[in-house]
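The values are calculated or read from the model by the stated rules, or taken from the named source; none is laboratory data. It should be emphasised that the depicted structure is a prediction, and the values quoted were computed from it without experimental measurement. With ideal geometry, Cβ positions are generated from the backbone for all residues, glycine too; neighbour counts draw on all protein chains shown. The accessibility values were calculated without ligands, DNA or RNA, using every heavy atom of the protein model including side chains. Shrake-Rupley method; radii C 1.70, N 1.55, O 1.52, S 1.80 Å.
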Amino acid sequence: MLLIKKAVWTGLFFTMICLNASGSEMQPYKNNNEDIVSEVFELDPVTVEGRSVENKEIESRSLYTHKVVDLAEILSDEMPEAQMIRKSGYGNEISLRGFGQENIKVMIDDGILEGACGSRKDPALSHINMLTVNKLIVKEGPFDVTKPGYLGGYINVVTKKPDEQFSGNIMLKGGSNDFMSTGFTVSGGSETLSGLIGYNYSKSGQYEDGSGSELWKVREGLAASYNQQGIDADSFSKQDVWAKLKFSPNDNVSILLEHTYGKAEDILTPRVVFDTEEEINNLSRISLSMDNLGEYSDTLNVYVYRNAVEHYPFQTFRNVDVPKNNIVESVITGAGINNLVETGIGNITYGFDIYHREWWGDVYNSLNGMLLNGYLIPTVNSMNIGSFIKSVKKYDKWSLGLGLRLDRFNQEADEELKFTKTVTSSNEQTDWLPGGYVSLKYYAADSVTVFGGIGRSYRSPTSAERYIQGGASFFGNPDLDPTANSELDMGVTFEKENWMFRTKVFYSDLEDFIYQEYNSAGYKSYTNIDAHIFGGDIKFRYDFTKALSVNSGIAIQKGRKDSYPDNNTDEDLGQIAPVKTNLSLDYHGRNFFGVDDSELYSSIEWVHSEESDTIDESAGEQYLSGWDILNVRVGYSYKSARINLGVDNVFDKLYTVANSYEWDVVGGTGANPAVVNEPGRFVYLSFLYGW
């Protein structure tokens, strides 16, 4: 491991070996400014497309052939190395190559987005409405210095922008368990001024798993089980409205104003002892883009954003002696500037970014309104200031990338810490975080590309990990150090006209990895350990004809501890998803039966997961059986109208994705959390009209 760390820092300055963190490019290099590191999923009003950064399509499905409620489901469907962590019918986590929760970063249009809940009942992706999304950029590994504070990768959600052409769509969708979703978007204007507006409403009853059990039964026989009101409740309801205005005084300058308002109500979360009465998000952004400013700037981007989330957990639906409710709020305010210069030594991008997060939360008696815990989240202020520079250069058949970044992260709790692991003289910590990568890609032939990369990144402890005050039984650790990831990625891609094969492997050495601790003194907290995660994936596509193709993928990752938290002797690292495989037969035919402007598309998909047996039993992780399911989707479009029918889990199997390992300190479940099964057979129908 020491060798890996030395190689990272030596490589950053003296070697020319490198990266494709996700290794997803499949064609000769086309744009010297592009990082060779990401998977991009285009989500226009009609299609979901998995693409490389060079826009080579690897898969195209209709957005509305998915039953998806949130974006975590799309990523889990489209990437074998992504695994959804089921929490309930709405608001699910995503894990990438064994990195989940705080170890990946979620952004919306480059702005940091985090939920407010200390037990992550509202993960960041749940606050983004699918109809606002243009594409999902998924970066795996520490190979992008333009983004702050991520460890195993990040997801950047790029939203749709106004267009001068008058266009829009109307969507209607319904399915099993009283699921329904309806919405619209409209865009239009002129070359100088254009706008976009949209609205979406979604709701669902409680789904049934493969055994016929509804969500409320997850807590049957456990603390805070559901009362009759909870048994009869829907799973969730949610409304979103958004508006954008773009001003372009000339061809080289544009100013964009954006705001999204979302409100979700009565979200059932049976894994923990609280549900959510109400959740409100206000996402705002102002950006300025300027092109061709002269010798020292080809593209200059400046942006300011504010992402605020209000979260109101409650126990009205639960059997408890004294029902409680919480008031929690997270406000992230940030800004950034980056400048691209095309030079003879490469395309150079440099800039800086800053963000501040204020996070607080209190607990009340729901019967009389009395304050029970005014320091659950003791008003934590976090400030990150970072600067970066990167360069991408093409040399004949070689493409070289280099990036450096430095962050200063300051974090302080403005209220007294009544419960801590150690006596702390100060509630304030400051971390200096240097990182970077060096990258190389070689185009051995028209159909063969070899890539590799070595890099280092950091992520600071979250406000919950350092300062949460749940009581004498669970609390944060103010003395936590940031986690460093020193990672090596390598892979190769073969691609011909009608087939593609790609494989990649990675090794992550994790220094001061933040991990849960069940202390011998009887409390739960967090500590630093050393660990490593390694694995890889294989993806394959073969086109029988222009319309018929087979797609498959398999991903595996393993985690091991190199040092151990108190009262834990299991070498297996927790929260690592088991082996996942998918195989699909896809048909996409145009001008079906000779009808112009028509398309027929269908997919039969098999998804397999190995049993979850490489688990951290000392931390209370549970064994999960392996499973196989079959999904079928079919759709037909004629001109501007489209209709889709889908059936997920055709054979109504009882199965569970890897969610037993999510440790929930705030919910008080600690080890052995309640396990939520996946939905049984789910039938859905959607209709879309666009213009």
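Of K441/K580; K390/K558; K539/K561; K244/K639; K504/K558, which ones are farther than 23 Å apart at the Cα? Beyond 23 Å: K441/K580; K390/K558; K539/K561; K244/K639. Per the Kirkwood formula applied to alpha carbons, segment 502-577 shows a radius of gyration over Rh ratio, Rg over Rh, of 1.26.
Taking a cut-off of 17 Å, what percent of all Cα-Cα pairs in segment 425-479 are separated by more than that?
For segment 425-479, the fraction of Cα-Cα distances above 17 Å is 63 percent.
For segment 543-553, backbone phi angles converted through the Karplus equation (6.51, -1.76, 1.60; θ = phi - 60°) give residue-by-residue couplings of 9, 5, 9, 5, 9, 10, 8, 10, 10, 8, x Hz, Gly and Pro being listed as x. Of the solvent-accessible surface of segment 121-197, computed with a 1.4 Å probe and all protein chains present, 57% belongs to carbon and sulfur. Residue farthest toward the positive end of the dipole of the chain, with Cβ of Lys/Arg at +1 and Asp/Glu at -1: which of L685, A72, G91? Highest projection toward the positive end goes to L685. The ellipsoid equivalent to the alpha-carbon distribution of segment 247-329 has semi-axes of 46, 11, 8 angstrom, derived from the gyration tensor eigenvalues as √(5λ) and listed largest first. Computed extension gain for R408 through Q622, at 0.36 nm per residue and net of the alpha carbon distance, reaches 73.2 nm. Note on segment 418-522: Kirkwood radius taken over Cα pairs, Stokes-Einstein applied at 10 °C and 1.306 mPa s, translational D equal to 92 µm² s⁻¹. Its Cα gyration tensor gives segment 272-375 an equivalent ellipsoid. The semi-axes, each the square root of 5 times an eigenvalue, are 48, 11, 11 Å from largest down. Over segment 319-420, all Cα pairs binned in 5 Å intervals from 0 give whole-percent P(r) values of 3, 10, 14, 12, 11, 10, 8, 7, 7, 6, 5, 4, 2, 1, 0, listed from short to long.
So, with a 1.4 angstrom probe, what is the percent of accessible area on segment 515-635 that is carbon and sulfur? Whole-percent figure for carbon plus sulfur exposure: 54. Applying the Kirkwood pairwise sum to the alpha-carbon positions of the chain produces a hydrodynamic radius of 25.9 angstrom. Working note: Karplus 6.51/-1.76/1.60 with θ = phi - 60° gives segment 267-275 the couplings 8, 7, 10, x, 5, 10, 8, 10, 9 Hz, where Gly and Pro are set to x. At q = 0.17, 0.18 Å⁻¹, work out log10 I(q)/I(0) for segment 524-656 with the Debye formula, treating every Cα as an identical point scatterer and leaving solvent out; two decimals please. So the normalised log intensities are -0.96, -1.02.
Peptide packing for 598-611, 75-88 was compared via the average number of neighbouring C-beta atoms within 10 Å per residue; ordered from the highest value, the list is 75-88, 598-611.
If you average the alpha carbon positions of segment 367-446 and of segment 262-308, how far apart do those two centres end up, in angstrom? The two parts, judged by their Cα centres, are 18 Å apart. Among 193-199, 648-654, sorting by the average number of other beta carbon atoms lying within 10 angstrom of each residue, highest first, gives 193-199, 648-654.
Annotation for segment 310-360: GluC sites (Glu not before Pro) lying in DSSP loop with at most 12 further Cβ atoms inside 10 Å of their Cβ do not exist. The chymotrypsin sites (Phe, Trp or Tyr not before Pro) of segment 69-174 that DSSP puts in a loop, and whose beta carbon has at most 12 other beta carbons within 10 Å, are F166.
For the chain, the solvent-accessible area of protein heavy atoms averages 37 Å² per residue (probe radius 1.4 Å; ligands and nucleic acids excluded).
Histogrammed with a bin width of 10 Å, the alpha carbon distances of segment 572-644 distribute as 18, 28, 19, 16, 13, 5, 0 percent, first bin at zero.
Along segment 353-368 the Karplus relation, 6.51 cos²θ - 1.76 cosθ + 1.60 evaluated at θ = phi - 60°, assigns HN-Hα couplings of 9, 8, 8, 10, 10, 10, 9, 8, x, 10, 10, 10, 7, 5, 7, 10 Hz to successive residues, with x for each Gly and Pro. Dipole of the chain, Cα-centred, from +1 at each Lys and Arg C-beta and -1 at each Asp and Glu C-beta, to the nearest 20 debye? Its charge dipole is roughly 940 debye.
The trypsin sites (Lys or Arg not before Pro) of segment 509-596 that meet both conditions, a loop assignment by DSSP and at most 11 other Cβ atoms within 10 Å of the site Cβ, are K546.
Since only A577, A223, T299 are under comparison, the one whose Cα sits farthest along the positive direction of the charge dipole of the chain, derived from C-beta charges on Lys, Arg, Asp and Glu, is T299.
Can you compute log10 of I(q)/I(0) for segment 198-301 with the Debye formula, treating each Cα as one identical point scatterer, at q = 0.12, 0.16, 0.19, 0.24 Å⁻¹? At q = 0.12, 0.16, 0.19, 0.24 Å⁻¹ the computed log10 ratios are -0.61, -0.78, -0.95, -1.19.
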